Amino acid sequence: MPTDATTPTADDLTRRSAAELATALAAGEVSSVEVTRAHLDRIAAVDGGERGVHAFLHVAAEAALAAAGAVDTARAAGEELPPLAGVPVAVKDVMTTVGMPTTCGSRILSGWVPPYDATVVRRLRDARLVILGKTNMDEFAMGSSTEHSAYGPTRNPWDLDRIPGGSGGGSAAAVAAFEAPLATGTDTGGSIRQPAAVTGTVGVKPTYGGVSRYGIVAMASSLDQPGPCGRTVLDTALLHEVMAGYDPMDSTSLTDPVPPVVEAARQGDVAGMRIAVVRELSGDGYQDGVRARFSEAVDALVDAGAKVVEVSCPSFTAALGAYYLIMPSEVSSNLARFDAMRYGLRVPPEGVADPTAEQVMCATRAAGFGAEVKRRIILGTYALSSGYYDAYYGSAQKVRTLIQRDFAAAFAEADVVVSPTAPTTAFRLGEKLDDPLAMYLNDVATIPVNLAGLPGMSLPAGLADEDGLPVGLQIVAPARADDRLYRVGAALERVLLARWGGPLLDRAPALATAEVTR
């Protein structure tokens, strides 16, 4: 171990990338306990209080330090360890975890501690990553701002009065605020990529079936997909490799080998690649600063040797409507399990001496679910009801097929498709909370990717001129070609970092002020 004079400070450790930490840990330059304690100290400093980030719902400090100590002991004994052994990670609270609560940001699961780990969580443990705790989220992953959490909103580390995206705003904010070098998320219509875009981080939605959904509390089963969050393309690839792979516990899991995402992230070469820009994912509704940074990023890809073509995907204009019929329909079915009979909250109806099961269920769901969850259950139940199924749900599935065909046509002309990740930068807390349609429009560019089951990445493209907030660029690849995301993303990241003179997060104003501390 290094002497006191050369021991990295806590700030140094929290600012390092996961890849840098892994290298230092493997070389014995620092211990996992030191790295873990530095991140726990950072969480204590910036996450709590009235003006804290509030990225975490549960911090597992004792368990994290114990896991870190076990890694250090194994390394000292000469045991061969996985590449990310000893590196901390935060877990979205939609993933079941033994020994930690899993609430999904909802009162109806308050205090529930699962008896099993999600496959993703088990793989994190097997890879000897250190789980710091569970991150905040929109209730049951329904939202684009993390304001629909029953436990209060998460704040954007760039501006504490703005949203960090959703539903995985807690994971993205934890990474952006240097509370964790890595985090897991789930993406149903953009819930990894949109938070990454507005926090200046990297987020990836893998190919549907590429990462197991076993142990992920389901929102919309045909759309949900777990994925990684990080501060660099390489870090995200390293976590993706850990999370991915076939799982017999998930009937939708792909048996294909995990794409070579880490190799692609290290390569980062777009010479000779064809990049498609989608005509329908720009123009009206997109902030000027978003369009400007996107255009500059596309030019950077051309400078790096790529060829850019424009494609039209006309069905994308109907994607939002189709999604908000398919997703609520699946929500209505999946959330029927929360019936107050088996687990979670149970609320007896007022004034009823001997209530029936139905009365208890009604009282519990009324008290346990928030407004957005109720809204989507009602919408989905209506769409699936007799006489409306074909007109609504059936028609939406036909649109889904058209979107898949439009993507197929685009990939006949290009290797990847690019677009802005979100039409605007982070909006202010409360600004769209009472306007569901305005909130839904935040996912207009990300939703088609989920409907088609394709892999997508968001990475920082710069800061908008209007407000100095991060803009995200989205890369979409064909199914099972997740490695292309990392190849293009790493190449673009390298060019942009050289232009910026360092990571965007170094410029985040809230992180450098006392305002972010308790």
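Does at least one position in region 281-296 carry a residue that is basic (Lys, Arg), farther than 24 Å from Ser221 by Cα, surrounded by 20 or more Cβ atoms within 10 Å (Cβ to Cβ) and out of contact with any helix residue (DSSP H, G or I) (no Cβ under 7 Å at 6 or more places or on another chain)? Show your work before the answer.
If we filter region 281-296 for residues that are basic (Lys, Arg), which is where we start, we get 291, 293.
Okay, now just the ones that are also farther than 24 Å from Ser221 by Cα, so 291, 293.
Cutting the leftovers down to surrounded by 20 or more Cβ atoms within 10 Å (Cβ to Cβ) gives us 293.
From what is left, the residues that are out of contact with any helix residue (DSSP H, G or I) (no Cβ under 7 Å at 6 or more places or on another chain) are 293.
Yes, the conditions are met somewhere in region 281-296.
Residues are listed down the side, and each one gets a yes or a no for (1) touching a strand residue (DSSP E or B) at 6+ places or on another chain (Cβ under 7 Å); (2) closer than 29 Å to Ser332 by Cβ:
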position: Tyr151; (1), (2): yes, yes
position: Arg155; (1), (2): no, no
position: Ile163; (1), (2): yes, yes
position: Ala180; (1), (2): yes, no
position: Ser191; (1), (2): yes, yes
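For a quick check of your reading of the model, give me the residue pairs whose first member lies in region 240-260 and is within 15 Å of Gln225 (Cα to Cα), whose second is in a strand (DSSP E or B) and among the polar types (S, T, N, Q), with beta-carbon atoms closer than 9 Å and at least 6 apart or on different chains.
Sorted first by the residue in region 240-260, then by its partner, the pairs are Met243/Thr184.
Could you identify the single residue in Val120, Val98, Val130 that is in contact with a Phe, Trp or Tyr (Cβ under 9 Å, 6 or more places away or on another chain), buried (at least 24 other Cβ atoms within 10 Å of the Cβ) and at pLDDT 95 or above?
On the way: Val98 fails: buried (at least 24 other Cβ atoms within 10 Å of the Cβ); Val130 fails: in contact with a Phe, Trp or Tyr (Cβ under 9 Å, 6 or more places away or on another chain).
Selected residue: Val120, the only one of Val120, Val98, Val130 that is in contact with a Phe, Trp or Tyr (Cβ under 9 Å, 6 or more places away or on another chain), buried (at least 24 other Cβ atoms within 10 Å of the Cβ) and at pLDDT 95 or above.
Somewhere in region 141-150, is a residue outside any loop (DSSP other than H, G, I, E, B), more than 24 Å from Arg428 (Cβ to Cβ) and modelled with pLDDT of 95 or more?
Initial filter on region 141-150 (outside any loop (DSSP other than H, G, I, E, B)): 141.
Narrowing further to those that are more than 24 Å from Arg428 (Cβ to Cβ): none.
Within region 141-150 (the criterion being outside any loop (DSSP other than H, G, I, E, B), more than 24 Å from Arg428 (Cβ to Cβ) and modelled with pLDDT of 95 or more), the answer is no, since none of the residues qualifies.
Pull out all pairs, ordered by first then second residue, where Cβ-Cβ is under 8 Å, the residues are six or more apart or on different chains, the first lies in region 38-59 and is assigned to a loop (DSSP other than H, G, I, E, B), and the second is acidic (Asp, Glu).
Asp47/Glu179; Arg51/Glu515; Val53/Asp47; Val53/Glu179; His54/Asp47; Ala55/Asp47; Ala55/Glu179
Thr3 fails exactly one of the following numbered conditions: (1) of a type in the set (S, T, N, Q); (2) in contact with a Lys or Arg (Cβ under 7 Å, 6 or more places away or on another chain); (3) modelled with pLDDT under 95. What is the number of that condition?
Checking Thr3 against (1) of a type in the set (S, T, N, Q); (2) in contact with a Lys or Arg (Cβ under 7 Å, 6 or more places away or on another chain); (3) modelled with pLDDT under 95, the one that fails is (2).
Would you say Ser32 is touching a strand residue (DSSP E or B) at 6+ places or on another chain (Cβ under 9 Å), among the polar types (S, T, N, Q), surrounded by 22 or more Cβ atoms within 10 Å (Cβ to Cβ) and touching a residue at least 60 places away in the same chain (Cβ under 8 Å)? Walk me through how you get there before you give the answer.
Numbers: touching a strand residue (DSSP E or B) at 6+ places or on another chain (Cβ under 9 Å): yes; among the polar types (S, T, N, Q): yes; surrounded by 22 or more Cβ atoms within 10 Å (Cβ to Cβ): yes; touching a residue at least 60 places away in the same chain (Cβ under 8 Å): yes.
The answer is yes for Ser32.
What number of residues in region 330-375 are of a type in the set (Lys, Arg) and part of a helix (DSSP H, G or I)?
Just the residues of region 330-375 that are of a type in the set (Lys, Arg), to begin with: 337, 342, 346, 365, 374-375.
Filter again for part of a helix (DSSP H, G or I), leaving 337, 365, 374-375.
Residues in region 330-375 being of a type in the set (Lys, Arg) and part of a helix (DSSP H, G or I): 4 in total.
When the residues of region 78-95 are narrowed to those that are among the hydrophobic types (A, V, I, L, M, F, W, C) and crowded, with 24+ Cβ neighbours inside 10 Å, which ends up nearest to Ser32 (Cα to Cα)? Don't jump to the end; show me each part of the working.
The first filter runs over region 78-95 and keeps only residues among the hydrophobic types (A, V, I, L, M, F, W, C), leaving 81, 84-85, 87, 89-91, 94-95.
From the residues that got through so far, the ones that are crowded, with 24+ Cβ neighbours inside 10 Å too are 84, 87, 89-91, 94-95.
On the way: Leu84: 11, Val87: 7, Val89: 12, Ala90: 15, Val91: 18, Val94: 26, Met95: 24 Å.
Ranking the qualifying residues of region 78-95, first place goes to Val87.
Tell me, yes or no, whether region 329-347 has at least one residue that is within 30 Å of Ala197 (Cα to Cα), touching a Lys or Arg at 6+ places or on another chain (Cβ under 8 Å) and in contact (Cβ under 8 Å) with a residue 12 or more places away in the chain.
Yes; the residues of region 329-347 include at least one that is within 30 Å of Ala197 (Cα to Cα), touching a Lys or Arg at 6+ places or on another chain (Cβ under 8 Å) and in contact (Cβ under 8 Å) with a residue 12 or more places away in the chain.
Kindly check whether there is at least one residue in region 273-280 that is basic (Lys, Arg) and assigned to a loop (DSSP other than H, G, I, E, B).
The first filter runs over region 273-280 and keeps only residues basic (Lys, Arg), leaving 274, 279.
Next, only the ones that are assigned to a loop (DSSP other than H, G, I, E, B) stay: 279.
Yes, some residue in region 273-280 is basic (Lys, Arg) and assigned to a loop (DSSP other than H, G, I, E, B).
For a quick check of your reading: which helices (runs of 4 or more DSSP H) sit entirely within region 381-497 and have at least 1 residues that are surrounded by fewer than 17 Cβ atoms within 10 Å (Cβ to Cβ) and in contact with a strand residue (DSSP E or B) (Cβ under 9 Å, 6 or more places away or on another chain)?
Numbers: elements: 395-413, 436-440, 447-452.
Once the helices (runs of 4 or more DSSP H) in region 381-497 are filtered for at least 1 residues that are surrounded by fewer than 17 Cβ atoms within 10 Å (Cβ to Cβ) and in contact with a strand residue (DSSP E or B) (Cβ under 9 Å, 6 or more places away or on another chain), what remains is 395-413.
Name every residue in region 237-260 that is surrounded by 20 or more Cβ atoms within 10 Å (Cβ to Cβ), closer than 30 Å to Ala176 by Cβ and touching a Lys or Arg at 6+ places or on another chain (Cβ under 9 Å), in order of residue number.
Within region 237-260, Ala237, Val242, Met243, Ala244, Asp247, Pro259 meet the criteria.
The values are calculated or read from the model by the stated rules, or taken from the named source; none is laboratory data. Quantities reported herein were computed from a predicted structural model and do not represent experimental measurements. FYI the Cβ positions are ideal-geometry reconstructions off the backbone, even for glycines, and counts take in every protein chain you see.
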